[in-house]
Each structure stands twice: as C-alpha cells, then as structure tokens.
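**Q** Before I ask anything, let me first share the structure, which is written out below as structure tokens.
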Amino acid sequence: MRRITHAVAALALATAALTALGTGSAGAADGSWAGCPSGAVCVYPQNQNPASSPSDVYWSYGAHNLSNQNGNHWVLNNQSGGAHAHLCRGSGGSDCVYDIAAQNGVWYDLGPINSITLDRP
C-alpha cells in the first residue's frame with residue numbers, strides 16, 4: 001500500500017509539473033513539448049527539472065535499450081494517436097513495469113530500467 005501511495009503522490013507531482021511545462025507557447029506551433037519533437041519519446045538528463053532539452057529521442061516503434069541512465073529522469077511520450085511507451089526492467093522490451101500513454105510523461109528512477117518500448121496503438 002505504501003508503494004501505491006508513493007506512486008500516486010509521484011504521479012500527482014509529475015502531472016502538476018508537466019501541466020506547468022505545457023502552459024508556455026514555445027514549440028506549440030510545431031507540436032514539440034519541452035524540447036521533445038512531435039511523434040517522439042524523449043528521455044531527459046538525470047534530475048533535469050523542469051524538462052527542457054532531451055538527452056535521448058526515440059522515433060521508431062519497438063524496443064530501445066538504455067545505457068547509463070541512473071536516478072530520476074523525465075520521460076515524455078509526445079507520440080499521438082494513442083501510441084504508448086513502456087519502461088521495462090529487461091533488455092529488448094521485456095518485463096515492462098510502467099505504461100506511458102500518448103501526450104503524457106513521468107518522472108521516474110531509471111536505475112532499474114534497461115529498455116523503453118514505443119508501441120503502436
């Protein structure tokens with residue numbers, strides 16, 4: 001129960017921060033969000049808060065292995081049309097533990113995360 005409460009609190013904080021990020025007009029014309037291009041999933045440098053300049057940008061569907069990603073990071077799913085991204089403990093997109101819907105983001109400890117998937121709707 002403690003873990004669920006912690007997750008809910010973290011989600012509320014992330015939602016508030018992302019709402020604050022989304023209030024600016026910079027990038028709105030081209031669909032970018034906090035420097036993440038429209039159609040992409042972006043990972044930001046450790047502890048970059050607010051998210052402003054991604055360190056990794058993923059475009060293609062499927063699994064992408066991560067390396068040297070430790071600590072808390074913003075992960076933004078700026079895909080459209082209901083495409084999801086998943087954070088996975090295993091390489092190659094196995095043992096996925098967190099689902100990020102399109103046009104959403106999460107502040108997450110990527111230490112135990114070894115891959116991210118971009119999934120078609």
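Every read-out reported here was derived from the displayed coordinates using simple, explicitly stated rules and does not represent laboratory data. All figures in this text were calculated on a predicted structure; none of them were measured in a lab. Virtual Cβ from ideal backbone geometry, glycine too; neighbours counted across all protein chains shown.
**Q** Using amide H atoms built 1.01 Å from N in the peptide plane, name the residues 5+ places from residue 84, or on other chains, whose amide H lies under 5 Å from its own.
**A** Result for residue 84 returns 119.
**Q** Now a separate question. Counting Lys and Arg as +1 and Asp and Glu as -1, what is the net charge of the other residues whose Cβ lies under 12 Å from the Cβ of residue 77? Display every interim value, and only then the final one.
**A** On the way: positive: none; negative: 99, 119.
That works out to -2.
**Q** For residue 97 and residue 65 in the same chain, what is the full-extension length gain: residue separation times 0.36 nm, less their Cα-Cα distance, in nm? Write down the numbers at each step before the final one.
**A** Working: separation 32, 0.36 × 32 = 11.52 nm, distance 1.47 nm.
Extra length available between residue 97 and residue 65 comes to 10.0 nm.
**Q** Indicate the gyration tensor shape class of the range 41-121 (rounded, prolate or oblate), computed on the Cα atoms with a ≥ b ≥ c the square roots of the eigenvalues: a/c under 1.5 is rounded; otherwise a/b larger than b/c is prolate and the rest oblate. Display every interim value, and only then the final one.
**A** Values: a/c = 1.71, a/b = 1.12, b/c = 1.52.
Here the range 41-121 falls in the oblate category.
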